[in-house]
Amino acid sequence: MLPLLFHAPNETLVKPIIGNLPLDSVVDLIIENQINETIPFYKPGDPSWFLGSRGQQRFPGNTVQDAIDSDSKSLNLQDPALVIVHDLPSLGWSVLRFKVTSQQATIIHAAKLRHFALGMSAPILEGITEDTPIKFQSRW
């Protein structure tokens with residue numbers, strides 16, 4: 001996730017929103033760090049499974065399944081830790097896995113203010129899809 005300040009001024013940016021995640025789906029987040037500093041990341045709500053991380057290298061594939069198929073030993077699929085905060089190694093990657101259990105808007109973001117201010121965050125719309133929009137109770 002390249003900080004917003006590091007993009008070219010005339011570059012068209014896509015919204016960093018992770019959405020269209022149906023209820024009961026299992027989501028793998030592959031997060032890559034392009035700066036030479038370890039960054040603590042925080043995803044509030046239910047803990048996520050921390051499948052692994054490595055510094056000073058790119059993730060070995062485009063998906064977790066790619067990494068598994070390439071016989072990468074860098075992922076722990078047997079007994080991963082449950083985390084809310086985890087470190088993203090410098091110039092490396094980390095992988096979180098979570099299950100969408102309810103309709104909610106959450107966020108994954110850098111835990112340090114200066115990283116957060118640089119744009120190291122992404123909203124996550126869990127269980128909120130076109131087919132299952134979120135419903136609010138009326139008070140009236």
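Coordinate-derived values only; no laboratory data. Just so you know, these numbers come straight off a predicted model, no measurement behind them. Cβ atoms come from the backbone with ideal geometry, glycine included; neighbour counts cover every protein chain shown.
Structure notes:
- The length gained on full extension between S102 and S72, counted as 0.36 nm times the residue separation minus their Cα-Cα distance, comes to 7.6 nm.
- Inter-label distance for V83 and Q34, nm, one decimal - labels placed 7 Å from Cα along Cα-to-Cβ: 2.2 nm
- Phi angles of the stretch 77-87 translate, via the Karplus equation with coefficients 6.51, -1.76, 1.60 and θ = phi - 60°, into HN-Hα couplings of 9, 8, 9, x, 6, 8, 9, 10, 10, 8, 8 Hz per residue; Gly and Pro are given as x.
- Highest mobility in the GNM of the chain, judged by mean-square fluctuation with C-alpha springs under 10 Å and restricted to R58, R97, R114, is found for R114.
- Residues L118, L88, arranged from fewest to most other Cβ atoms within 10 angstrom of their Cβ, appear as L118, L88.
- Kirkwood Rh and Cα Rg combined as Rg over Rh, evaluated for the stretch 23-125: 0.95
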